[in-house]
Amino acid sequence: MSELVNLTIDGTPVSVPKGTMLIEAAKQAGVLVPHYCYHPSLPSPAVCRMCLVDVEKAPKLAPACVTAVAEGQVVHTQSENAKKAREGVLEFLLINHPLDCPICDQAGECELQDYVFQEGRSSTRYEEYAKRYNPVEDFGKDVLYVANRCILCTRCVRFMDDVAEEPVLCVAERGDRAFIGIDPAHKLTHEWSGNVVDLCPVGSLVSKDFLHKARAWDLDKAPSVCTGCSQGCNVTVETRDDAVVRLKPRPNLEVNRHFICDTGRADYRWMNRGDRVEAPLVREGGKLAATDWLKGLDALAGLVKQAAGNVVVLASGKASVESLALVKKLAGGKLFVQAPVSKDAERPLAGVPNLALRQERAPNGTGAEWLGYSKDWNAGLAAAKGAGLALVVGAELSDAEWAGLKGAKAVAVLAAVDAGFDDLAQVVLPVTTVVEELGAYVNRDGRIQRFWPAKAAPGMARPAWWVAGEAASLASGGSAPQTADEAFRVAAALAPQLSAVQYGELGFTGRAAAGAGVA
Amino acid sequence: MGFPHPSHPKETVVLSKYFGDAGARTHQGWVERGGYQALKKALGMTPDQIIEEVKASGLRGRGGAGFPTGLKWSFMPKGDGKPHFLVCNADESEPGTFKDREIMRWTPHALIEGCAVGAYAIGAERAYIYIRGEFTEPWAIMEKAVAEAYAAGTLGANAMGSGKRIDVVLHRGAGAYICGEETALMNSIEGKRGNPRIKPPFPAQAGLFALPTTINNVETLAAVPHILNRGAEWYKGLCLSSPKSTGTKLFSVCGHVQRPGNYEITMGTPMMTLIDEMCGGMKPGRTLKAVIPGGSSVPIMNAAEAKECLLDYEGVVAKGSMLGSAGMIVMDDSTDMVRMIMRLAKFYAHESCAQCTQCREGTAWTVKILERILAGEGEAKDLDLLMDLADNMTGKTICVLSDSCAAPVVSGIQKFRGEFEAYLSRRRAPAVA
């Protein structure tokens, strides 16, 4: 444990490690010092001058983001001097800032709005006619630069310089003519460049994909885990009217700090598919017909019993550890998980250790392996051809792969979307996706991370662990889990790495499993 | 002064002795005039001895801040095993200042000698001289002089046969005022945008290329050889008023005087001796109205303050301003103070590096208000607004450019409020900005 320093911030005594900056120490005292240029994952340039605070015995106001704590320091964030200085900064920032909040995507989650509302002037003293004007510029990929809204905090420049280490942005010009410039030969092509949109405290860097799609206050948000690869970046799934409209990085200092890659960010449209299976389907008279859960579960349990152990499970890499565990309990047999490996090289984020868009494009490959699933997908497809029962759990199969399953004596599918099983499956049961259920994934480093539902499940869809659990109960007796927590305990009983973990301890950022090698 | 006019008898000619003497520009000529003796002497001393001598002389930084030079040198870490750098600030971009230009034009070897002594004293093998981009003639002269010094063995791996390496590297600016700020200058040498850095760390800990660095003004370094040659006591004795201000100082006088130019005077000389006697007084029929004593960044003095002012660090502070770079702008009664202040503010608005919010936005806003007042569209509340903006711009930013913009506005409104009010009340006809 490093040496602790004691100081007082707004009357609250705090003890923080030596070297901590005041702005972070203040958070421990429950005080958020307003700031723009400071960001915990970027170097601090102390240029916005918004975080000025009063330190007793100091000759002038100190920028909290670059002032280290000192023993016995007494800090006032709300002194008249500090408040006037910050009010002054806000006024200066606003004189050239357009009042286009009604059409600005950032409105509602804008730090300029927030702080002006909190401690800005109620009206302007700027009576000059002209504001600075620069045209909107396409920075490439998903990013638009609305120069007029820019407050020159330089977070984007520092992200590209120091984190992405692809310095294509800069501050161009001087004085109040300054704006963010971009190397015309490069644009923002870096795999992680989309993060500049999140880093921008105002609506200056906006996402083309999200442009004018929703107002920030209309969004519902749920913590989740990106399903794009085995890295397991923490994300927030944001929905409007029950449709996912964007994914944002969710801070997790152990995994992805404050960032996600552009591939993961863009990977949400499948969550809104309209061609969902909404009711249990059982084959009657040669056709799949909608039925109720009892009949559907009965049919699945019957198929499993008939197959008498000769079951091949083909599970999606996006299936939770809970679902994989209950499917294992239901079917036994040979277990395979779909964890495709991309031919593209890993795309690391240079400034953050152990963070990259990984080649294995499945979020739960490690969890599946712990539960006895094999990643040898081709072997799984081959085995399924001679199986007594091929049980497909959420996996996305090509037409040829579906056709290959004709060799199996029976096919049962736990499906979210309507796929090529119409002529094939005896039973199709509707299941939820990652954004409609509680569950957990295990990333490549053995970190167990939970996700929460962001939108309602369509029709009668239920989590795959519930479906498999109920079917197992019908097939071989015993009780079925009724909550994700209970389902996780089933998984913990099957995989020793999970056994020491309690759901409630995982929190929002997860933790490394016992004995898991964390790089 | 020496050039273009001969020196005035009341000047104390030390640094400017060879101004106007083209023969002093060459290595040979400089040696004939006693040059490089101080370097020879210095190389036979220990660095600590040199630092003590400079400390004893009372020499203070001539760039503006007036920090004791020997003390600054003593801040350099000793025995840290890292390369050290000396940086000479020859960016001289402060409006009204043109003394370093003349030192480089006429006595380039004086600067090279000072740099070599300074580098040796702080344990550096390399000195960078950062020359203002617009200084084309001084640049050419300095380039030639450095080449000569290398050819003569004065610089290089075996400087003056001492076995010690002293390199002098010239670096040319690109015309940004802010690059005269010491940390921005270092960024500029490193090839980065010339933005001032946050302090701490101070240059002595992490300066150029993040290594221990001392940065001195041209005039400061050029004075060092004289101190070594003639002794600290002699230098300390050059003092007419406050014992904290010693030696001679070059004043660049411009504006409405009969003979503008550089004048080298002993610290503590009355301002009016400089203006009335050396510079020949105001233009015929005109009276003194205001003086900016130390480059455009310092508060303006009115005539009454100027008349009682003694020219040294303490004397100017006592009259509410600062000695700064000693770029003296003298204004007579024909000066429109509002317009003059607007022009100064416009300079700062143009040169703001755009890092800090107060400076980037505040300087430009100040100009807009002043232009509006000049155009006859000002309102009574504008003066309070200007004063409040100046307060919000002072002491809150990384460097002092923002403060420098605010200083003339505040002192101008305080001391020449009537002129502002004449525009506000429409008594004075609108001026074209």
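The values are calculated or read from the model by the stated rules, or taken from the named source; none is laboratory data. Source: prediction; values computed, not measured. Counting neighbours? That spans all protein chains shown, and the Cβs are built from the backbone with ideal geometry, glycine included.
Values computed for the structure shown
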| quantity | calculated |
| --- | --- |
| Unmet requirement for A:R347, which otherwise passes all of (1) more than 30 Å from A:D161 (Cβ to Cβ); (2) touching a Cys at 6+ places or on another chain (Cβ under 7 Å); (3) not polar (S, T, N, Q) | (1) |
| Any pair with Cβ under 8 angstrom, 6 or more apart, that starts in segment A:93-113 at a residue that is within 18 Å of A:P34 (Cβ to Cβ) and away from chain B (no Cβ under 11 Å) and ends at one that is part of a helix (DSSP H, G or I) and among the aromatic types (F, W, Y) | A:G108/A:W217 |
| Residue check, B:L15 under 22 Å from the mean Cα position of the chain (by Cα), assigned to a helix (DSSP H, G or I) and at pLDDT 95 or above | no |
| Of all residues in segment B:330-361 being among the hydroxyl-bearing types (S, T, Y) and under 30 Å from B:D276 (Cβ atoms), the one that is farthest from the other protein chains (Cβ to nearest Cβ) | B:S334 |
| Flag for A:L7 being touching a helix residue (DSSP H, G or I) at 6+ places or on another chain (Cβ under 9 Å), in contact (Cβ under 8 Å) with a residue 12 or more places away in the chain and surrounded by 15 or more Cβ atoms within 10 Å (Cβ to Cβ) | yes |
| Top-ranked residue of segment A:68-81 - restricted to ones that are in contact (Cβ under 8 Å) with a residue 40 or more places away in the chain and assigned to a loop (DSSP other than H, G, I, E, B), ranked as nearest to the other protein chains (Cβ to nearest Cβ) | A:A70 |
| Failed criterion for B:P203 (all others in (1) within 14 Å of chain A (Cβ to nearest Cβ); (2) in a loop (DSSP other than H, G, I, E, B) hold) | (1) |
| Candidates B:E94, B:E102, filtered to the one that is in the same structural domain as B:V224 (by TED's automatic domain parsing), surrounded by 20 or more Cβ atoms within 10 Å (Cβ to Cβ) and assigned to a loop (DSSP other than H, G, I, E, B) | B:E94 |
| Residue match in segment A:201-210 (condition: outside the structural domain of A:A415 (by TED's automatic domain parsing), farther than 17 Å from A:T433 by Cα and among the β-branched types (V, I, T)) | yes |
| Condition check for B:G320: within 20 Å of the chain's Cα centre (by Cα), buried (at least 24 other Cβ atoms within 10 Å of the Cβ), part of a loop (DSSP other than H, G, I, E, B) and more than 14 Å from chain A (Cβ to nearest Cβ) | no |
| Members of segment A:475-488 found to be surrounded by 19 or more Cβ atoms within 10 Å (Cβ to Cβ) and either not in a loop (DSSP other than H, G, I, E, B) or not assigned by TED's automatic domain parsing to the domain that holds A:A308 (or both), listed by number | A:A475, A:A484, A:A487, A:F488 |
| Elements of type strands (runs of 3 or more DSSP E) contained in segment B:230-300, each with 3 or more residues being closer than 22 Å to B:F3 by Cα | B:248-255, B:261-266 |
| Exclusive hit being without any contact (Cβ under 8 Å) to a residue 12 or more places away in the chain, farther than 19 Å from A:R121 by Cβ and either crowded, with 17+ Cβ neighbours inside 10 Å or within 14 Å of chain B (Cβ to nearest Cβ) (or both), set A:K60, A:K27, A:K84 | A:K60 |
| Qualifying residue in segment A:224-243 (condition: part of a loop (DSSP other than H, G, I, E, B), at pLDDT 95 or above and among the aliphatic types (A, V, I, L, M)) | no |
| Complete set of residues in segment B:122-174 that are assigned to a helix (DSSP H, G or I), of a type in the set (D, E, K, R) and crowded, with 19+ Cβ neighbours inside 10 Å | B:E148 |
| Test: residue in segment B:179-191 that is surrounded by fewer than 17 Cβ atoms within 10 Å (Cβ to Cβ) and either outside any helix (DSSP H, G or I) or over 20 Å from the mean Cα position of the chain (by Cα) (or both) | yes |
| Hits in segment B:46-62 - residues which are out of contact with any Gly (no Cβ under 8 Å at 6 or more places or on another chain) and in contact (Cβ under 8 Å) with a residue 12 or more places away in the chain | B:I50, B:G61, B:R62 |
| Selected residue (criterion: farthest from the chain's Cα centre (by Cα)) from residues of segment A:41-55 that are more than 16 Å from B:K396 (Cα to Cα) and more than 9 Å from chain B (Cβ to nearest Cβ) | A:P43 |
| Some residue of segment A:133-153 being charged (D, E, K, R), at negative phi and surrounded by 19 or more Cβ atoms within 10 Å (Cβ to Cβ) | yes |
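Rundown of residues vs (1) away from every other protein chain (no Cβ under 14 Å); (2) crowded, with 21+ Cβ neighbours inside 10 Å, yes/no style:
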{"position": "A:E173", "(1), (2)": "no, no"}
{"position": "A:G194", "(1), (2)": "yes, yes"}
{"position": "A:D218", "(1), (2)": "yes, no"}
{"position": "A:G232", "(1), (2)": "yes, yes"}
{"position": "A:L253", "(1), (2)": "yes, no"}
{"position": "A:H258", "(1), (2)": "yes, yes"}
{"position": "A:R276", "(1), (2)": "yes, no"}
